[in-house]
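Here's the structure, in structure tokens; my notes come after.
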There are 2 protein chains.
Amino acid sequence: MNLKELAQQLGLSPTTVSRALNGYPEVNESTRERVMAAAKRHHYRPNTRAIRLATGRAFAIGHVIPLATRHEIMNPIFADFIAGAGETYSKNGYDMVLSVVADEAEHQTYRDLKSRGTVDGMILHAPQMDDARIALLTDIGIPFVVHGRATGAALPYSWVDVNNRRAFQRATEFLLDLGHRRIALVNGLENMDFAIRRRTGFVDAMAARGLAADPALMSSDEMTEVSGYRAARAMLVQDDAPTAFLVASMISGMGVRRACEERGLALGRDVSIIIHDDDLSYMKNGEDVPIFTATRSSVREAGRLAAEMLLGIVADPALGPQQRLLEAELIIGQSTGPAPARHAPVLSATAKG
Amino acid sequence: MNLKELAQQLGLSPTTVSRALNGYPEVNESTRERVMAAAKRHHYRPNTRAIRLATGRAFAIGHVIPLATRHEIMNPIFADFIAGAGETYSKNGYDMVLSVVADEAEHQTYRDLKSRGTVDGMILHAPQMDDARIALLTDIGIPFVVHGRATGAALPYSWVDVNNRRAFQRATEFLLDLGHRRIALVNGLENMDFAIRRRTGFVDAMAARGLAADPALMSSDEMTEVSGYRAARAMLVQDDAPTAFLVASMISGMGVRRACEERGLALGRDVSIIIHDDDLSYMKNGEDVPIFTATRSSVREAGRLAAEMLLGIVADPALGPQQRLLEAELIIGQSTGPAPARHAPVLSATAKG
DNA sequence: TGCGCTATCCAAAGCGGTTTGAAAATGATT
DNA sequence: AATCATTTTCAAACCGCTTTGGATAGCGCA
């Protein structure tokens with residue numbers, strides 16, 4: 001059943017039916033009701049393809065997922081983010097189109113998505129330092145919102161991000177207040193912008209107490225269980241092993257925990273761990289009592305917000321670049337406690353400074 | 001730059017240009033080259049929306065993700081599956097459209113996707129026992145492939161699935177051969193079809209050795225870390241605690257491990273764990289040496305295969321229902337070992353039977 | 001030279017909607 | 001009753017491509 005047929009059934013012109021259905025004012029209310037009723041009765045759904053061609057709009061938002069080497073992105077965080085964004089899209093009658101492409105084809109994919117008119121806007125994932133894609137998308141001239149920020153970007157652009165620096169700064173302060181001095185940072189890949197900011201927060205907080213972050217206690221890798229395990233294990237065998245870990249994600253945190261338990265260290269007593277918790281639906285950080293002390297920020301919520309922001313810009317491109325900085329919550333769990341006694345002398349010595 | 005403009009530039013009709021670009025034979029080779037060159041020079045990309053309307057095809061595949069209550073699906077497995085499927089789609093010039101919808105709107109979403117012509121086919125996720133969606137999609141008359149199977153489905157349909165029954169049967173036999181008798185099953189939600197099959201495999205393998213599966217050692221819940229932890233902890237405090245666990249996923253396996261370690265049980269010595277490993281990219285089961293002994297089957301590969309199957313059916317609907325059963329590999333890791341000595345008498349007694 | 005074939009190209013009709021510009025119907029006003 | 005403004009409806013153009021049904025030209029062969 002299409003518009004023309006429906007119009008014929010009703011003895012009306014397609015024009016009128018179209019207008020009645022789309023809520024235009026220039027149609028008699030009684031006619032509109034008749035049309036609406038008939039549409040419902042015949043289960044009429046306007047053809048998306050036709051609407052898209054006629055209006056010149058795609059009613060779709062694109063997400064590009066680079067494959068291969070930099071597979072950091074096809075991670076659980078991403079799944080929750082698009083779940084959040086997807087909610088917003090369906091609520092607004094938009095489709096979400098995902099392009100999974102080889103790394104080297106990413107730029108071309110953005111160009112095509114625009115020039116073929118497949119989408120009205122895009123979300124940019126996993127920005128890195130000096131990310132070239134921002135200039136690219138700006139150049140292409142398609143509305144976009146970045147999930148995260150890109151240190152070094154010259155142009156203004158729209159983004160939704162967590163205050164990663166502040167989150168890790170606060171987490172570090174929390175550990176320092178507990179008396180920890182040998183604090184390790186198990187970070188994500190440091191070409192990722194969020195990882196850079198987290199490190200800055202960590203280093204700054206240390207510096208504020210007159211402590212230098214020990215490079216031997218800073219690792220940077222993909223946020224998998226295994227890499228967390230390996231980083232922690234390597235640090236724990238050192239002479240002056242860390243008493244606390246700051247970890248980039250729940251998953252790598254589990255690897256860190258494994259390494260600690262393997263050495264017989266009890267969490268919250270012998271060693272402390274703070275993770276960043278993206279509040280993933282299938283990877284809850286405990287329920288009533290959090291497993292890990294954590295800096296928490298829902299990535300799903302970030303997805304929702306980014307999508308809303310983008311739809312706003314698509315609807316009115318004149319809005320210009322918008323930003324939204326989300327603060328992470330510091331959740332106290334069972335994985336942190338005072339620095340173990342054996343470090344007490346070091347602690348008091350340092351505390352003087 | 002559109003077709004008409006390009007044609008004008010070349011002094012040709014749109015018809016000829018279209019044909020030249022699409023490889024039709026009724027165009028002079030030299031003309032075709034001229035057209036191709038001009039198209040490249042002007043970065044011409046045919047408008048997707050127009051192609052779709054003109055051909056009546058969507059060149060897109062839909063994946064519907066139910067939200068809310070049954071959020072089992074927006075899990076890491078799903079992320080890897082769509083990554084695999086997405087690869088296939090891009091390779092074939094198809095888009096992937098994801099619909100994130102509230103549970104109760106799921107059926108209507110399928111209907112709309114079809115009647116509005118947004119997609120040419122769909123992938124059905126997370127089938128349950130007697131899943132009504134199979135009848136629905138059959139009724140709607142759109143090509144679809146199920147990721148998994150639905151016990152009790154009356155009609156034939158296309159699917160790609162892992163042999164879950166066999167995988168868990170073999171895993172159980174492996175544990176039995178190691179002398180374990182008190183084996184626990186930490187399963188996924190048992191309204192999910194895969195969970196039912198896994199339980200069957202477990203129960204059957206036990207029965208084949210004359211052992212009854214103890215209901216107190218079978219749990220069924222979402223596959224999160226926390227639920228794995230809780231299930232295992234509850235079982236470990238029982239009088240006749242299990243010496244081995246069969247766990248539905250890597251993530252819940254990590255919860256089980258936590259519960260074991262909490263009780264001071266060493267993996268592979270005091271207690272054994274076998275998990276099902278979906279071979280997720282960011283959740284590798286170790287690298288050279290697997291952490292867990294596991295039944296492994298790449299869900300990403302399943303995504304690729306399902307997508308290929310679906311595109312095949314879309315291209316030629318006459319093909320009819322197709323099936324693909326993948327066998328899981330049994331990977332021996334460090335989490336399994338002979339049943340602990342204290343059970344030796346039980347073991348020898350049982351071994352006689 | 002003329003006819004039939006094939007190779008090559010084109011005009012025009014869709015695809016199923018939206019939207020513009022105008023016509024018809026209605027109501028208000030004088 | 002005639003006129004004008006407003007509602008309400010419609011015919012037709014358009015979105016950018018594909019595809020059908022010719023038309024034209026070039027060629028081989030009688």
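Here, each number is a calculation from the coordinates, and none is a lab measurement. Small disclaimer: the values here were computed from a predicted structure and weren't measured. Neighbour counts run over all protein chains shown; Cβ positions are idealised from the backbone, glycine included.
Ordering B:Tyr94, B:Ser13, B:His63 by the projection of their Cα atoms onto the charge dipole of chain B, which places +1 on the Cβ of Lys and Arg and -1 on the Cβ of Asp and Glu, puts B:Ser13 at the extreme positive end.
For chain B, excluding the exposed loop sites themselves (GluC sites (Glu not before Pro), DSSP loop, at most 15 other Cβ atoms within 10 Å), the longest remaining stretch covers B:27-286. For the pair region B:165-210 and region A:286-311, the centres of their Cα atoms are 36 angstrom apart. 3J(HN,Hα) couplings calculated from phi for region A:179-194 with the Karplus curve 6.51 cos²θ - 1.76 cosθ + 1.60 (θ = phi - 60°) are, in sequence order, x, 6, 10, 8, 10, 9, 10, 9, 9, x, 4, 7, 8, 7, 4, 4 Hz; Gly and Pro show x. For region B:109-228, relative contact order (Cα pairs under 8 Å, six or more residues apart, normalised by length) works out to 22 percent. Computed 3J(HN,Hα) for region A:140-146, one whole-Hz value per residue from the Karplus formula 6.51 cos²θ - 1.76 cosθ + 1.60 where θ = phi - 60°, is 4, x, 10, x, 8, 10, 8, glycine and proline marked x. Mean sequence separation of contacting Cα pairs (under 8 Å, at least six apart), scaled by the length of chain B, corresponds to a relative contact order of 17 percent. Across region B:220-230, computed HN-Hα scalar couplings (Karplus, 6.51 cos²θ - 1.76 cosθ + 1.60, θ = phi - 60°) run 8, 7, 5, 8, 9, 5, 5, 5, x, 4, 5 Hz from first to last residue, x flagging Gly and Pro.
Let's see if you can work this out: charge +1 on each Lys and Arg Cβ, -1 on each Asp and Glu Cβ, no other charges. What is the dipole magnitude of region A:3-46 about its Cα centre, in debye to the nearest 20? Provide the component values of the computation, followed by the final result.
Details: 7 positive and 4 negative charges, 35 e Å.
Approximately 160 debye in magnitude.
Measuring how big region A:3-46 is from its alpha-carbon positions, Rg and Dmax come out at 9.0, 24 Å.
Structure remark: mean-square fluctuation, Gaussian network model of chain A, C-alpha springs under 10 Å; the largest value among A:Met192, A:Met283, A:Met235 belongs to A:Met283.
When chain A is treated as a Gaussian network with alpha carbon springs shorter than 10 Å, the biggest mean-square fluctuation among A:Asp278, A:Asp316, A:Asp131 belongs to A:Asp316. Stokes-Einstein D for region A:179-241 at 10 °C, 1.306 mPa s, Kirkwood Rh over Cα pairs, in µm²/s? This corresponds to a translational diffusion coefficient of 130 µm²/s.
Ratio of the protein assembly as shown's C-alpha Rg to 2.2 N^0.38 Å, to two decimals?
1.07
Bridging of A:Lys40 to lysines at a Cα separation below 29 Å is possible for A:Lys4, A:Lys91, B:Lys114, once same-chain residues fewer than 8 apart are set aside.
For A:Val64, the residues whose modelled amide H falls within less than 5 Å of its own, excluding neighbours fewer than 5 places apart on the same chain, are A:Ser99, A:Ile123, A:His125. With its label point defined 7 Å out from Cα along the Cα-to-Cβ axis, B:His107 lies at 5.0 nm from the matching points of the other copies, in increasing order. Between copies, the label points of B:Tyr24, set 7 Å from Cα on the Cα→Cβ line, lie 3.4 nm apart, reported in increasing order to one decimal in nanometres.
With runs of 4+ DSSP H residues as the only contributors, calculate the mean residue ellipticity of chain B at 222 nm using -39,500 (n - 2.57) per run, divided by the residue total and rounded to the nearest 500.
The per-residue figure over chain B is -13500 deg cm²/dmol.
The relative contact order of region A:3-46, computed from alpha carbon pairs under 8 Å that lie at least 6 residues apart in sequence, is 35 percent. Put simply, the amide H of A:Val271, placed in the peptide plane, has neighbours under 5 Å in A:Ala266, leaving out anything fewer than 5 places away on its chain. Between copies, the label points of B:Asp316, set 7 Å from Cα on the Cα→Cβ line, lie 5.4 nm apart, reported in increasing order to one decimal in nanometres. Each Lys and Arg adds +1 at its Cβ and each Asp and Glu adds -1 at its Cβ; summed about the Cα centre, chain B shows a dipole of about 600 debye.
Net charge of the neighbourhood of A:Met283, taken over other residues with C-beta under 10 Å away and scored Lys/Arg +1, Asp/Glu -1, is -4.
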